[in-house]
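Structure first, then comments.
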Amino acid sequence: MGLFASADTAYVLAYSIIMLTTDLHSPQVRNKMTKEQYIAMNRGINDQSDLPQQYLSDIYDEIAGNEIKMKAGHNKLPKHNASATTERQRKLLQNVELAQMANTARALMEAASHYEAAFTSASHYEHVRPMFKVYNQSL
(Lines give C-alpha, C1' and ligand atoms only; values in the text may rest on other atoms or scores of the structure.)
Protein backbone atom coordinates (compact mmCIF):
# COMPACT_ATOMS: atom_id res chain seq x y z
CA MET A 1 0.00 0.00 0.00
CA GLY A 2 1.25 3.50 -0.83
CA LEU A 3 0.84 6.66 1.15
CA PHE A 4 -2.80 7.07 0.07
CA ALA A 5 -5.28 4.29 0.83
CA SER A 6 -7.45 5.35 -2.11
CA ALA A 7 -7.84 7.97 -4.81
CA ASP A 8 -10.39 9.70 -2.58
CA THR A 9 -7.59 10.55 -0.16
CA ALA A 10 -5.68 12.37 -2.90
CA TYR A 11 -8.79 14.29 -3.96
CA VAL A 12 -9.62 15.36 -0.40
CA LEU A 13 -6.00 16.34 0.21
CA ALA A 14 -5.88 18.34 -3.03
CA TYR A 15 -9.03 20.20 -1.98
CA SER A 16 -7.56 20.88 1.47
CA ILE A 17 -4.43 22.28 -0.21
CA ILE A 18 -6.60 24.68 -2.21
CA MET A 19 -8.42 25.70 0.98
CA LEU A 20 -5.11 26.18 2.81
CA THR A 21 -3.68 28.31 -0.01
CA THR A 22 -6.76 30.52 0.01
CA ASP A 23 -6.71 30.79 3.79
CA LEU A 24 -3.02 31.64 4.13
CA HIS A 25 -2.66 33.98 1.17
CA SER A 26 -6.01 35.79 0.94
CA PRO A 27 -6.00 39.28 2.45
CA GLN A 28 -9.71 38.86 3.31
CA VAL A 29 -8.95 36.07 5.80
CA ARG A 30 -8.07 37.64 9.14
CA ASN A 31 -7.52 34.57 11.31
CA LYS A 32 -5.10 32.38 9.37
CA MET A 33 -5.17 28.63 9.79
CA THR A 34 -2.39 27.26 11.98
CA LYS A 35 -0.37 24.18 11.17
CA GLU A 36 -2.11 22.32 13.99
CA GLN A 37 -5.54 23.27 12.62
CA TYR A 38 -4.53 22.09 9.13
CA ILE A 39 -3.36 18.74 10.47
CA ALA A 40 -6.56 18.37 12.52
CA MET A 41 -8.68 19.26 9.47
CA ASN A 42 -7.10 16.34 7.58
CA ARG A 43 -7.60 13.71 10.28
CA GLY A 44 -9.24 10.52 9.07
CA ILE A 45 -9.11 11.35 5.35
CA ASN A 46 -7.05 8.25 4.51
CA ASP A 47 -9.88 5.69 4.77
CA GLN A 48 -10.54 6.62 8.42
CA SER A 49 -6.79 6.77 9.14
CA ASP A 50 -4.49 9.75 9.35
CA LEU A 51 -1.80 10.72 6.89
CA PRO A 52 1.64 11.05 8.50
CA GLN A 53 1.79 14.23 10.56
CA GLN A 54 5.21 15.15 9.12
CA TYR A 55 3.79 14.87 5.58
CA LEU A 56 0.95 17.29 6.38
CA SER A 57 3.35 19.57 8.23
CA ASP A 58 5.62 19.68 5.17
CA ILE A 59 2.66 20.54 2.93
CA TYR A 60 1.65 23.35 5.29
CA ASP A 61 5.18 24.77 5.33
CA GLU A 62 5.44 24.60 1.54
CA ILE A 63 2.10 26.37 1.02
CA ALA A 64 2.87 28.97 3.70
CA GLY A 65 6.13 29.80 1.95
CA ASN A 66 4.98 29.47 -1.66
CA GLU A 67 1.48 30.48 -2.71
CA ILE A 68 -0.02 28.46 -5.56
CA LYS A 69 -0.40 30.86 -8.46
CA MET A 70 -1.43 30.35 -12.03
CA LYS A 71 1.06 31.30 -14.72
CA ALA A 72 0.78 34.89 -15.91
CA GLY A 73 -1.82 35.29 -18.61
CA HIS A 74 -3.62 32.04 -17.76
CA ASN A 75 -5.38 33.02 -14.58
CA LYS A 76 -8.55 34.51 -16.02
CA LEU A 77 -11.17 32.98 -18.22
CA PRO A 78 -13.05 35.19 -20.64
CA LYS A 79 -16.30 36.67 -19.38
CA HIS A 80 -19.40 34.62 -20.17
CA ASN A 81 -20.77 37.31 -22.48
CA ALA A 82 -17.55 37.85 -24.43
CA SER A 83 -18.79 37.96 -28.02
CA ALA A 84 -15.55 36.72 -29.58
CA THR A 85 -15.39 33.62 -27.40
CA THR A 86 -17.51 30.59 -28.10
CA GLU A 87 -18.72 28.12 -25.50
CA ARG A 88 -16.28 25.56 -26.91
CA GLN A 89 -13.33 27.95 -26.52
CA ARG A 90 -14.31 28.71 -22.92
CA LYS A 91 -14.46 25.00 -22.12
CA LEU A 92 -11.05 24.43 -23.68
CA LEU A 93 -9.57 27.28 -21.64
CA GLN A 94 -11.18 25.92 -18.50
CA ASN A 95 -9.73 22.47 -19.18
CA VAL A 96 -6.26 23.97 -19.58
CA GLU A 97 -6.63 25.85 -16.31
CA LEU A 98 -7.87 22.75 -14.47
CA ALA A 99 -4.92 20.75 -15.80
CA GLN A 100 -2.49 23.43 -14.64
CA MET A 101 -4.04 23.48 -11.17
CA ALA A 102 -3.87 19.69 -10.96
CA ASN A 103 -0.21 19.72 -12.02
CA THR A 104 0.58 22.39 -9.43
CA ALA A 105 -1.16 20.42 -6.66
CA ARG A 106 0.66 17.25 -7.72
CA ALA A 107 4.03 19.01 -7.75
CA LEU A 108 3.39 20.47 -4.29
CA MET A 109 2.41 17.11 -2.84
CA GLU A 110 5.47 15.46 -4.37
CA ALA A 111 7.78 18.27 -3.21
CA ALA A 112 6.46 18.08 0.34
CA SER A 113 6.72 14.32 0.44
CA HIS A 114 9.75 12.53 1.78
CA TYR A 115 7.97 9.22 1.49
CA GLU A 116 8.21 6.68 -1.29
CA ALA A 117 4.69 6.38 -2.63
CA ALA A 118 3.18 6.01 -6.04
CA PHE A 119 1.11 8.97 -7.19
CA THR A 120 -2.11 7.90 -8.83
CA SER A 121 -3.41 10.57 -11.12
CA ALA A 122 -6.92 10.89 -12.42
CA SER A 123 -7.14 10.07 -16.10
CA HIS A 124 -9.96 12.47 -16.85
CA TYR A 125 -10.76 16.01 -15.74
CA GLU A 126 -14.28 14.93 -14.80
CA HIS A 127 -12.81 13.30 -11.68
CA VAL A 128 -11.79 16.64 -10.16
CA ARG A 129 -14.37 18.96 -11.71
CA PRO A 130 -16.77 18.78 -8.69
CA MET A 131 -13.99 19.96 -6.34
CA PHE A 132 -13.16 22.94 -8.53
CA LYS A 133 -16.85 23.83 -8.93
CA VAL A 134 -17.24 23.98 -5.15
CA TYR A 135 -14.00 25.95 -4.83
CA ASN A 136 -15.00 28.48 -7.49
CA GLN A 137 -18.38 29.06 -5.83
CA SER A 138 -16.64 30.09 -2.61
CA LEU A 139 -14.72 32.92 -4.31
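The values are calculated or read from the model by the stated rules, or taken from the named source; none is laboratory data. All values reported here derive from a predicted model rather than from experimental measurement. Note that we place each Cβ from the backbone using ideal geometry, even for glycine, and neighbour counts take in every protein chain shown.
Which ones in the range 1-15 are assigned to a helix (DSSP H, G or I), of a type in the set (Ser, Thr, Tyr) and out of contact with any His (no Cβ under 9 Å at 6 or more places or on another chain)?
Matches in the range 1-15: THR9, TYR15.
Which residues, taken from the range 1-38, are aromatic (Phe, Trp, Tyr) and farther than 15 Å from VAL134 by Cα?
PHE4, TYR38
Could you figure out which of (1) modelled with pLDDT of 85 or more; (2) charged (D, E, K, R); (3) surrounded by 11 or more Cβ atoms within 10 Å (Cβ to Cβ); (4) over 13 Å from the mean Cα position of the chain (by Cα) isn't true of ARG90?
Result: ARG90 fails condition (1) only.
From (1) at pLDDT 90 or above; (2) of a type outside the set (Lys, Arg); (3) assigned to a helix (DSSP H, G or I), pick out the condition that doesn't hold for ILE18.
Every condition holds for ILE18 apart from (1).
Being surrounded by 11 or more Cβ atoms within 10 Å (Cβ to Cβ) and without any contact (Cβ under 8 Å) to a residue 12 or more places away in the chain is the filter here; which residues of the range 45-65 pass it?
Scanning the range 45-65 gives a single hit, ASP50.
Any residue that is modelled with pLDDT under 85, touching a helix residue (DSSP H, G or I) at 6+ places or on another chain (Cβ under 7 Å) and loosely packed, with under 13 Cβ neighbours inside 10 Å - is there at least one of those in the range 101-112?
Yes, there is a match, as at least one residue in the range 101-112 is modelled with pLDDT under 85, touching a helix residue (DSSP H, G or I) at 6+ places or on another chain (Cβ under 7 Å) and loosely packed, with under 13 Cβ neighbours inside 10 Å.
Going by the conditions given, is THR120 at pLDDT 80 or above, at negative phi, hydroxyl-bearing (Ser, Thr, Tyr) and loosely packed, with under 14 Cβ neighbours inside 10 Å?
no
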